[in-house]
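The values are calculated or read from the model by the stated rules, or taken from the named source; none is laboratory data. Just so it is clear, the structure is predicted and the values come from calculations on it, not from any experiment. In this analysis, Cβ positions are derived from the backbone assuming ideal geometry, glycine residues included, and neighbour counts consider all displayed protein chains. These area figures cover heavy atoms from the full protein model, side chains too; ligands, DNA and RNA do not enter into them. Shrake-Rupley method; radii C 1.70, N 1.55, O 1.52, S 1.80 Å.
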Amino acid sequence: MSLNDQDPWAKPGQGSQKQPENNTSNNNDDNKQGWSNKPNNTEQSPPDLEEVFNNLLKKLGGGNGHHNSSLSNQNMGKLAPIGIALAIAIWGLSGLYTIKEAERGVVTRFGQLHSIVQPGLNWKPTFIDNVIPVNVEQVKELKTQGAMLTQDENMVKVEMTVQYRVQDPAKYLFSVTNADDSLNQATDSALRYVIGHMTMDDILTTGRAVVREQTWKALNEVIQPYDMGVEVIDVNFQSARPPEDVKDAFDDAIKAQEDEQRYIREAEAYAREQEPIARGDAQRIVEEATAYKDKVVLNAQGEVERLQRLLPEFKAAPDLLRERLYIQSMEQIMAKTPKIMLDSNGNNLNVLPMDQILRNKHEQAKAPTTTGSPNTVVAQPQSAVRIPQNSVQQSQAESSNNSNTRQGRFN
């Protein structure tokens, strides 16, 4: 029975006036199946949905629906293993991946850390494991800058660069939320701490190396509790400059300090240059004094030795030796002074050019005594200064007259 053969809005027990004869039995059967439990069978049953869909499939399939569905089920049964095998192959090939030489692969299984894989070709189960490559050889760099307050309550603009490298890829990814940002904040904190404990003059002039070392130390102390898996390689102190309002004054101060350092270096260079010369002069004076001392000592020892040898002669003829020594001493003394000679009475005054005589004597001694061949000996005549007898007598007469005159004057 179809939907068109019934009136859904008819009263119970009343159907369509025109009913085909061949459907009478079917209608009776439907009424029996659908409303058999109803009293007196006065109501019709609702349409059967399964039968409606079967009729629709028959119309679409040309009235052979059961046969076509059985064939399709057989075909699907044959193709299912092939499809499953193909899906497994695609799933397996999709899990192949490569880790570069400078990288390490961090494997997470269902979002949880599982392992760390080395460079090369690896495999992971797709949709189960996830691999995050991390470069552990690249040296990364971050910069921090800002206006900071010094110990003497001055503002200074500082720039610093930090070079770091990933040491543990698992800690780098999972110890903190963002390791790069955390390191940047730690660097800024360490730099502000160091700048806050130094004066502005030290930061701008001689304390740059101190700022670098202390910032590096403070940064390692800050990041150590976080265990971020990074290694700080170097810290570079880029620049430090005062605010623009006082920049000219600070430039002049820095220039003056640089001039001071330059003058100090020049003075040190001059001192290093003069010090060896002074040391050489001092050593020369010491050597000369030592040589003079040795000379005096040796001369004294020589005189002692000479007097010891003259001692027997002195004992044999003391008067003669005493006179000889006196004469030698007078020669040494009078050779360096002008000579005035008096007679025994003290009246006659005889002036002799003894210095000229001795000078001629020394010149004769210094003159070469040999000429020509070594076997030829030429004797040099000895020059002597002769005083004319007339002049001597005249001088004696004058001295006698002078003495008489003096005597008469004093008488």
Check: Can you tell me how many residues in segment 100-153 are touching a Ser or Thr at 6+ places or on another chain (Cβ under 8 Å), surrounded by fewer than 16 Cβ atoms within 10 Å (Cβ to Cβ) and under 25 Å from VAL235 (Cβ atoms)?
Finding: 5
Check: Residues in segment 226-243: is at least one farther than 23 Å from MET148 by Cα, open to solvent by 100 Å² or more (accessible area, probe 1.4 Å) and not small (Gly, Ala, Ser)?
Finding: yes
Notebook entry, point to check: Out of segment 309-335, which residues are open to solvent by less than 100 Å² (accessible area, probe 1.4 Å), touching a helix residue (DSSP H, G or I) at 6+ places or on another chain (Cβ under 9 Å), part of a helix (DSSP H, G or I) and under 27 Å from LEU358 (Cβ atoms)?
Noted result: LEU310, LEU321, LEU325, MET334
Checklist line | Residue pairs meeting the criteria (Cβ under 9 Å; at least 6 apart or on separate chains; first at negative phi, in segment 305-330; second among the acidic types (Asp, Glu)) | finding: LEU320/GLU313; LEU321/GLU313
Next item on the list: Find the residue count for segment 154-177, including only residues that are open to solvent by 50 Å² or more (accessible area, probe 1.4 Å) and over 18 Å from VAL136 (Cβ atoms).
Entry: 5
Check: GLU268 is checked against (1) at pLDDT 90 or above; (2) open to solvent by 70 Å² or more (accessible area, probe 1.4 Å); (3) not in a helix (DSSP H, G or I); (4) not β-branched (Val, Ile, Thr) and fails just one. What number does that condition carry?
Finding: (3)
Checklist line | Residues of segment 338-357 satisfying the condition of being modelled with pLDDT under 70 and open to solvent by less than 60 Å² (accessible area, probe 1.4 Å) | finding: LYS339, ASP343, GLY346, ASN348, ASN350, LEU352, PRO353, MET354
